[in-house]
Amino acid sequence: MAFPPLKIGDLTARIPVVQGGMGVGISLSRLASAVANQGGIGVIAGAMIGMKEPDVATNPVEANVRALREEILKTREMTSGIVGVNIMVALTTFSQMVRAAIENRADIIFAGAGLPTDMPRHLLELCESKKEEFKTKLVPIVSSARAATILLKKWLSRFDYLPDAFVVEGPKAGGHLGFKSDEIQNPSFALEKLVPEVVEAVKPYENRKGRAVPVIAAGGVYSGSDIKRFLDLGAAGVQMGTRFVATHECDADERFKQSYLAARAEDVTIISSPVGMPGRALYNQFIEAAREGLKKPFKCIFHCVSTCQQEKTPYCIAQALINAMKGNLERGFAFCGANVFRVNEIVSVRELMESLQREFDEAVASISESVHNVLQSVKN
């Protein structure tokens, strides 16, 4: 059985899988184009995307916008598929990055790490000022039905604009999490509970506007059977990050990928990030030193996240993640999802997508067999 397609407005992804935007530098043009070429939605991570630009320290806004523009163009050269950009609301360059993504014809902007209450304004202003139509879809990332409802109300009242979709990200996700530390293991915040709640929350607005607002499940989605389970709960698709790190096309250094292969369940830990949010990462000596209060003095040159308090943090989160992306894990750490310990090989994106299809088919067949057996027992 083929995957049901994921439709977001006039965009149709043959495979209902969004590759999560992973920064810093983990998902760029190489990975995003590979996923798009296989029928999924490839996503470029905007966080500190200008890290290699020579003027990133002296002119961070222009450096990051320039790098984003170039990365979108590079991805477009490698695929005719659906290309998205992930832009954190907490970035100091958020507004400029959103406008750059729209102007350079990104298909979708995924925005999390805060509520993007003002995002439609940029799309509407560009359409008006440039006297042309921009079709970039705007997709907030939320962690609750309450957050989705707030955005639905604000976007409609201020801009008469309905989100084109929602990603609902549960507490098993990698990287920065939209939950308090004591909520991460609480069953009340499990993704299986959040997805139906967000699906129900958007229904009145779908009815009012006469169009669908698909909900995409994220955080701990690992297998094709997981995809089947969340589709059955009402999701239109899923977002996956950890599985795509363990691919040949992932933009991270090979040592970063190998850290996933070596990971055990007990290596996965929750950190207190300098940006003021909990995060899931692979435990190492860098994290241990930070927990012991050993500061790594630094001068903030990036000014990348508005919530970062330089004077109170023991290390620069941007520099730590840049080091990790380059494979220098003794000077940084790898963000990861809760299922990272299940990764046991590096495969191509094509092989990964094919394995997800097989697992999905097996899950469908298993359910069909169970139904058949029940019906037979009733007849007998």
**Fill in**
Computed about the Cα centre, the charge dipole of the stretch 95-169 from +1 Lys/Arg and -1 Asp/Glu charges at the Cβ has a magnitude in debye, to the nearest 20, of 160
**Over 23 Å (Cα to Cα) - which of 52/135; 131/154; 135/209; 193/257 fall in this group** = 52/135; 131/154; 193/257
**Message:** Assuming 0.36 nm per residue, please report the length gained on full extension of the stretch residue 181 to residue 350 beyond their Cα-Cα distance.
**Reply:** 57.3 nm
**Prompt:** With +1 on each Lys and Arg Cβ and -1 on each Asp and Glu Cβ, how big is the dipole of the chain about its Cα centre, in debye rounded to the nearest 20?
**Reply:** 560
**Prompt:** Using the Karplus equation 6.51 cos²θ - 1.76 cosθ + 1.60 (θ = phi - 60°), what ³J(HN,Hα) coupling, rounded to whole Hz, does each residue of the stretch 185-193 give in order, writing x for Gly and Pro?
**Reply:** 9, 7, x, 5, 10, 5, 4, 4, 8
**Asked** What is the distance, in nm, between label points placed 7 Å from the Cα along the Cα-to-Cβ direction at residue 130 and at residue 254?
**Response** 4.0
**Message:** From the phi angles alone, apply the Karplus equation (6.51, -1.76, 1.60; θ = phi - 60°) to the stretch 241-253 and give each ³J(HN,Hα) in whole Hz, x where the residue is Gly or Pro.
**Reply:** x, 3, 4, 7, 5, 7, 10, 4, 7, 4, 6, 6, 4
**Fill in**
Long-range amide H partners of residue 85, meaning residues 5 or more apart or on another chain whose placed amide H is closer than 5 Å, are 44, 108, 109, 110
**Asked** Counting each DSSP H run of 4 or more residues in the chain as -39500 (n - 2.57), what helix-only mean residue ellipticity at 222 nm follows after dividing by all residues, to the nearest 500 deg cm²/dmol?
**Response** -12500 deg cm²/dmol
**Fill in**
Comparing 96, 239, 19 in a Gaussian network model of the chain (Cα, 10 Å), the one with the largest mean-square fluctuation is 96
**Request:** Counting residues in the stretch 150-303 as N, plug N into 2.2 N^0.38 Å and put the Cα Rg over that result.
**Result:** 1.25
**Complete:** The answer for trypsin sites (Lys or Arg not before Pro) in the stretch 137-201 that fall in a DSSP coil and have at most 13 neighbouring Cβ atoms within 10 Å is 180
**Message:** Using a Gaussian network model on the chain with a 10 Å cutoff between Cα atoms, which of 170, 237, 293 fluctuates the most?
**Reply:** 293
**Request:** Figure the gain on full extension for residue 150 and residue 365 (residue separation times 0.36 nm, minus the Cα-Cα span) and round it to one decimal in nm.
**Result:** 73.5 nm
**Request:** Could you pull out every residue, at least 5 positions away or on a different chain, whose amide H is within less than 5 Å of the one on residue 47? Hs are placed 1.01 Å off N in the peptide plane, and Pro or chain starts have none.
**Result:** 88
**Prompt:** In whole Hz, what ³J(HN,Hα) sequence does the stretch 257-264 give by Karplus (6.51, -1.76, 1.60; θ = phi - 60°), x for Gly and Pro?
**Reply:** 5, 5, 5, 5, 5, 7, 5, 10
**Message:** Taking 0.36 nm per residue of sequence separation and subtracting the Cα-Cα distance, how much length would be gained by fully extending the chain between residue 190 and residue 331, in nm to one decimal?
**Reply:** 47.5 nm
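FYI, it's all coordinate maths here, none of it is from the lab. Everything numeric here is computed off the predicted structure, so don't read it as measured data. Neighbour counts are summed over all protein chains in view; Cβ atoms, including those assigned to glycine, are modelled from backbone coordinates with ideal geometry.
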